[in-house]
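Presented below is the structure to which this report refers.
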Amino acid sequence: MSNFQFIGPACIRVLAVPIGQMERTVYQGYVDQLRKLKDVRLMDLTPNPGIFNPQAYPGGRIFYHFSSHNDDTDTLFLHDFEPFRKTFVVIGLLTYNNNLEEEELRDKLSALKKRYPSAISHFLFVFCDANSSYDSGVNGVFSLKADFSNLREALSHLSSRFLAEFSTYASAYEHVTLRSPGSISGDDIKRGESLIEKQRHRISDSFELSAEKIRKYKTRGRRLKIYANFYLLAGNLKQSLSNFCEAIFYLKAASDYLWLASALDGLSVCLFLLAFLNAGFQLPSFVSNILNKNRDSSLSPFVSPTTSPRSSLQLHSSISNSLEVSSAAQISPLPLSTVQQFIDKACLKAFVYYRKCEDSGKDFLPFLVYCEARLRHLCLFIRICGEHELNRSIIHNIVTNIPISNSSVSKPNFDSLQLTEASSEIFGARFNELSTSQRCNIYNQMILIYDTLGLHRKRSLLINALITLLISSDFSKNHNVSLVDSSFDMKVFDQQCRVYGIDVDRTPSIAGLPNALQKRALLNAFIFSKQLNSVNGMMKYGSVLLKYFYNLLSDLQQIQIYDDLRKLTVSSDVQPEYWDQNMLSNVCISTSEETSGALVQNEIYEANIIVKNPFAFPIGIRNIQLLTEGESVVETHINIKRKGIITTSNGTQIVVKRQSTASIPLFVIVHTYGTVNITGIKASVCGCKPQEFRALKEQTFNIDKEPSGLNRAEKRRSHAEAVIAESLRSKCKDISASASLNLISTLPITRYKTWKFNVIHEQPLLRLAETNFNNKWILLLEGECKQFEISLKNCSSIHINDMVSTFLDSTIEPLNELLANKNLPANETYEIEYYLIKKKPFKILNKPELVEVCGNSTFTLRMEIWGKRGVKEAKLILRYGCRTPKDINENASGNTDKNNAISKFTRSITIPVNVTVYPSVELVGCDTIPLSSHTEVTDENKGGDCWPFLKKACSSDLRISDFCLLALDFLNSWTEEIEICIQCLLEGSKNKSFQEESGLLTENLDNTFATKIHLGSKKTTRILVPIERMKFSEEYLDRRIPSLRNKQFIYDSKTPKEEQKFTRRAFWLRNELLQRIRACWKIPDDVENSIYAGRSGTIDLRSIRFSSKMANMIAVSNIDIKLELHDENGQKVIFDDVKLSEFYTVRTYLINRGSHEIQGMLRQIPVCKGSRLPLEKRILINGVLQQSIGMPLKANSSRTFDLGICFLEKGEYEWGAVFDEMHMIDDSGNLNLVEQHLQKEQLRMKVT
């Protein structure tokens, strides 16, 4: 927010500086985030004992102006007059890194204070990334999250500390003599006795005011005024209004007009912010009298013909009490129209008193103060004119600094007299007293005002004056961010060019014929951008000059602009477009008589393109490519053997001499067939980015001999083109601007040349050569993969670059019939889609080698076939052709153009394969077995490899209760003994194709469970596989079951919601399980008299289905209950070490792993074994067995509950717990039982 915003005097200036090495884009991003926070509410701040305690006016707000540069030096002499110009807070910005330490932060904060000693408060903001959560303990250092969610909280803490330090700073002014800026700046100009001083003498004589009295009034009025500014900055509008009103009284009495004007200016801002807060106020009568006076006939507030001087002088003794009474009363907010009147009157009266101080000795008016005050009021006045009166929208837009749009100002409601008066005063004789940066800021603000009002001519004059000032100040050598904005050259010059009819924002366009005025404006823009080192500005304006104004530029100017642009393309990544779009004249291709002018696909032809160079410098052309319509492709090469009038350099670069025409020889190869329409060329010229060039059709411009087939309107347009072309050749000497504007409106649509050629094509042809299996028949066991080869021959000379394979088998049709059932559950639909899409019967192993097949060559397809259950026959279908990428894109887009039908032609070949698949090993059942912490893993455990694996896993960070056993039942359906091997990962594989791959795992075997067994023919066996229980959120398990066909989701309204929820839960748990486990079979090599020995394959585990019990057992519950027994010393007690008549504590852990908070009842359930005595006679319980958990338990948190017990009788006991999860169904406190959660492991105790 700048000083020209109306609430600028109420904004605390904050300087944000980077700490350490930081990229400018990162730093600017941080500053932009800070600028999004406009204000802080006082009610959110911490109270302090200072004079700026936020509790004194909790409804107030502190407004901030975040700046990236410090301009305190230029306005240092005004800080005691208008304190809002001072930079009060300095914030150092730095990015968090892992090496950042507390001591380093203290050093950086100390260095920041030394660097900016004049600021009141110094802070550091540490910006963390998404992967770090840093919280500094250094006072004055705030850590910000990556999403800036705690930025407002940090700013609130900063504000609380700043107000405390600001109170100390403001207290020092109690004993400071406040002087006017003229005496502070050391201005010793003798201005003589001014009119104000004479008036003071007259007042003193009339009312017997002594010099000492005037001095006291002036001292008190100035102190009240400066504290009013302080209260305004601190957000205490009530106290600020009181101080401003009281200061106005004393300053008016002492005829201290400079400070009085500043007080009236601050009063207007205070009233505006009170209206923003919708707070009521009441101005004292003497302030209203001052504001309502049309003429300031008397310089004293005591003029009253009916009151004696003595009695009127006593008014000041009760003014403070009257203000306190009015502020304490409950006052309704005034209408905004009344507030607007008060603000206007206060501002205008301030301007009156400011003008009286222009020649008043050391109390003279600093011109910067007057200019900014006028501009602040003018900006407010313009916004009000846009909507006829002050309203909430205007107030909100001003406070939040939303720019005003050009169309929002209603010109009939705008009083141009105020603008004229303000402009004449601002740009008067004293304007040159300001510094260059201050004048630039005023110019920029006035330019924005004129642009808002649509006064483009006045705005253009100011832009010219601003450019003259900037160039004369030699800013390019002393670059200052506050002097010239980084986007100034673009923003101002683009608008300036529009005044001259040049639109450079989008596609550059010129209104009318190019003229000298437009050329001069663009040259100034180019020179200014060059001095500013603006790459974008030089590229933009230089390109427009060379594109449209080369006929008006001298040869030296053309060369100079070209050299500058060429240097930019070498030193930066910016590449302009070439400036002559009509460089191409003609394209010629030499054809033979045998083809009757047609071209043959993939044959080489000689061609020539005619290009022209209208510039005063030579041009270099690279990467020439012929362009065609549609998807036709013509390969282009430079024929460097023929040179003629052209010269070559740097390999294939073609250099065309200045202001000449050249013929460039080419070799072209047409890769497409059918009809090819060449539309132009694509090339890179003079280092510019590659672009397209087309040739204009030739037209006859003789009005007497008109071209045939043209109507009268087309004849007039042709004549207009001839006149304009002639005027361009003569550099616009014989045509006026008005004539060019009339002629340009009759220009026709540009017509370009097209060169049409017919292309003859060929296509390849494949034949089956050989297969390496007998009678095209393959015998497989289920799950077995077998490789074979198919040899094919390309009988034509055309290569194949497009080959698509399709696999069909006898199971596809039945599966598709099942998919047609709309009532099929989503999980079953997924399984069918999986076997259709993921488990295809064939796989081409050498597919990357078949991207291109040469003509008249033989190639081999290395195939792999999978023994899929139910397959009896299969087919491999190959579709092939010779096509370009553009042909393929056209086919994918569905274009059915008749002219391109040949390019879409492909052939196909079908290779049948007869298959017989026998059953091998089947998964006939599965179940899960729970494991608890009481399960002992010892060397004596037997029953497979799972127990040693669990013992090894439990030696690390895992517990045995983190696992469960997956029981898999296998049946050997083959006639021989088979070895079964199972491998299982602790976590699901990240490989997306894990389920589709075959074979055993070879990586990360240390964390992999593996077991092998031998299973006889027609026998079954159960294998126990340890599975680490799965931890997923309810949101993850409740996700929709995907569709491999990308089928649209259909809402299932028939199946109960609970059943749907279980289906989704079981699906994702099963999917995770299949990402962990893999099973294979193998016929041992030592089987005697077996022709199948050594064969192997995979076992399909997708027949695993989860029951509700299995799903609950394999998944970790989101709500868990754990029980522990502790003795009086807090030590954990094992189950068989419990003593009689000793006090113990049952500690219950309630864990919420879910994503939402829970509430309900926790019930303890003790069980006594082998005794008929009631519970209370066997266990002494200190507490209750059923209790509410109290406050809801938040997500990802836990809570403990202790219950004291003492056993009175020996025996075995079990202690359990149940949590009844409940939801509140209404505000009356009624609870609804949602679900009961039982602990997984009961606490078992043996009392001895």
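Using the structure shown, decide if R1244 is charged (D, E, K, R), open to solvent by 80 Å² or more (accessible area, probe 1.4 Å) and within 59 Å of the chain's Cα centre (by Cα). Taking the combined requirement at face value, the residue satisfies it.
In this structure, is L267 under 44 Å from the mean Cα position of the chain (by Cα), under 15 Å from I290 (Cα atoms) and touching a residue at least 12 places away in the same chain (Cβ under 8 Å)?
On the way: under 44 Å from the mean Cα position of the chain (by Cα): yes; under 15 Å from I290 (Cα atoms): yes; touching a residue at least 12 places away in the same chain (Cβ under 8 Å): yes.
So L267 passes the test.
Might you let me know whether region 916-938 holds any residue that is outside any strand (DSSP E or B), buried (at least 16 other Cβ atoms within 10 Å of the Cβ), in contact with a Cys (Cβ under 7 Å, 6 or more places away or on another chain) and modelled with pLDDT of 85 or more? Yes, region 916-938 contains at least one residue that is outside any strand (DSSP E or B), buried (at least 16 other Cβ atoms within 10 Å of the Cβ), in contact with a Cys (Cβ under 7 Å, 6 or more places away or on another chain) and modelled with pLDDT of 85 or more. When region 883-912 is filtered for residues that are at pLDDT 85 or above and either crowded, with 17+ Cβ neighbours inside 10 Å or charged (D, E, K, R) (or both), only I911 remains. When you check S393 against the structure, is it part of a loop (DSSP other than H, G, I, E, B), of a type in the set (S, T, N, Q), farther than 20 Å from Q445 by Cα and out of contact with any Leu (no Cβ under 9 Å at 6 or more places or on another chain), yes or no? Spelling it out, it is not the case that S393 is part of a loop (DSSP other than H, G, I, E, B), of a type in the set (S, T, N, Q), farther than 20 Å from Q445 by Cα and out of contact with any Leu (no Cβ under 9 Å at 6 or more places or on another chain).
Of everything listed in (1) more than 37 Å from the chain's Cα centre (by Cα); (2) open to solvent by 80 Å² or more (accessible area, probe 1.4 Å), the single unmet condition for K1047 is (1). For first residues located in region 131-147 and touching a residue at least 40 places away in the same chain (Cβ under 8 Å), partners that are of a type in the set (V, I, T) and in a strand (DSSP E or B) and lie 6+ apart or on another chain with Cβ distances below 6 Å form the pairs S143/V126. Within region 1070-1097, the set of residues being within 16 Å of V1025 (Cβ to Cβ) and either among the aliphatic types (A, V, I, L, M) or in contact (Cβ under 8 Å) with a residue 60 or more places away in the chain (or both) comprises E1072, L1073, L1074, Q1075, R1076, I1077, R1078, A1079, C1080, W1081. Annotation for region 572-589: at least one member residue is touching a residue at least 24 places away in the same chain (Cβ under 8 Å), within 30 Å of H799 (Cβ to Cβ), out of contact with any Asp or Glu (no Cβ under 6 Å at 6 or more places or on another chain) and assigned to a strand (DSSP E or B).
Scanning region 952-981 for residues that are within 24 Å of S932 (Cα to Cα) and open to solvent by less than 30 Å² (accessible area, probe 1.4 Å) turns up A953, I960, S961, F963, C964, L965, L966, A967, L968. Within region 829-851, residues that are without any contact (Cβ under 8 Å) to a residue 60 or more places away in the chain have Cβ atoms under 8 Å from residues that are open to solvent by 100 Å² or more (accessible area, probe 1.4 Å) in these pairs: L845/Q787, counting only partners at least 6 apart in sequence or on another chain. Checking D962, D945, D1006 one by one, the residue that is over 29 Å from L1044 (Cβ atoms) and at pLDDT below 80 is D1006 and no other. The set of residues in region 197-233 being modelled with pLDDT under 90 and open to solvent by less than 10 Å² (accessible area, probe 1.4 Å) consists of L209 alone.
R1172 meets the conditions (1) in a loop (DSSP other than H, G, I, E, B); (2) closer than 19 Å to E1221 by Cβ in every case but one. The failed one is (2). Scanning region 545-566 for residues that are farther than 11 Å from C686 by Cα and part of a helix (DSSP H, G or I) yields L545, L546, K547, Y548, D555, L556, Q557, Q558, I559, Q560, I561, D564.
Just one residue in the set I724, I778, I744, I735 is surrounded by 14 or more Cβ atoms within 10 Å (Cβ to Cβ) and at pLDDT 75 or above; that residue is I778. When E1157, E1142, E1128 are checked against the criterion of being open to solvent by 50 Å² or more (accessible area, probe 1.4 Å) and over 60 Å from the mean Cα position of the chain (by Cα), a single residue qualifies: E1142.
Here D1136 fulfils each of the conditions (1) free of Cβ contacts under 8 Å to residues at least 24 places away in the same chain; (2) under 30 Å from C1206 (Cα atoms); (3) acidic (D, E) apart from (1).
Given L348, L334, which one is modelled with pLDDT of 85 or more, among the aliphatic types (A, V, I, L, M), closer than 29 Å to D74 by Cα and open to solvent by 10 Å² or more (accessible area, probe 1.4 Å)? Of L348, L334, the one residue that is modelled with pLDDT of 85 or more, among the aliphatic types (A, V, I, L, M), closer than 29 Å to D74 by Cα and open to solvent by 10 Å² or more (accessible area, probe 1.4 Å) is L348. Restricting attention to region 1192-1209, the residues that are open to solvent by less than 40 Å² (accessible area, probe 1.4 Å) and either of a type in the set (S, T, N, Q) or assigned to a strand (DSSP E or B) (or both) total 8. Checking each residue in region 234-255 for being within 25 Å of F88 (Cα to Cα) and either crowded, with 24+ Cβ neighbours inside 10 Å or small (G, A, S) (or both) picks out A234, G235, N236, L237, S240, L241, S242, N243, F244, A247.
Considering each of Q28, Q33, Q21 in turn, give the residue that is part of a helix (DSSP H, G or I), more than 30 Å from P181 (Cα to Cα) and open to solvent by 50 Å² or more (accessible area, probe 1.4 Å).
One residue alone meets the criteria, Q28.
A residue that is of a type in the set (G, A, S) and within 30 Å of R1039 (Cβ to Cβ) occurs somewhere in region 825-848. Could you tell me whether L1101 is in contact with a strand residue (DSSP E or B) (Cβ under 9 Å, 6 or more places away or on another chain), open to solvent by less than 40 Å² (accessible area, probe 1.4 Å) and either assigned to a helix (DSSP H, G or I) or farther than 20 Å from L971 by Cβ (or both)? Considered against the rule, which asks whether it is in contact with a strand residue (DSSP E or B) (Cβ under 9 Å, 6 or more places away or on another chain), open to solvent by less than 40 Å² (accessible area, probe 1.4 Å) and either assigned to a helix (DSSP H, G or I) or farther than 20 Å from L971 by Cβ (or both), L1101 comes out as no.
The values are calculated or read from the model by the stated rules, or taken from the named source; none is laboratory data. Fair warning: this is a prediction, and the values are worked out from it, not measured in the lab. Don't worry about glycine lacking a Cβ; one is built from the backbone with ideal geometry, like all the others, and counts go over all protein chains shown. Protein only, heavy atoms only, side chains kept; ligands, DNA and RNA dropped before computing areas. Shrake-Rupley method; radii C 1.70, N 1.55, O 1.52, S 1.80 Å.
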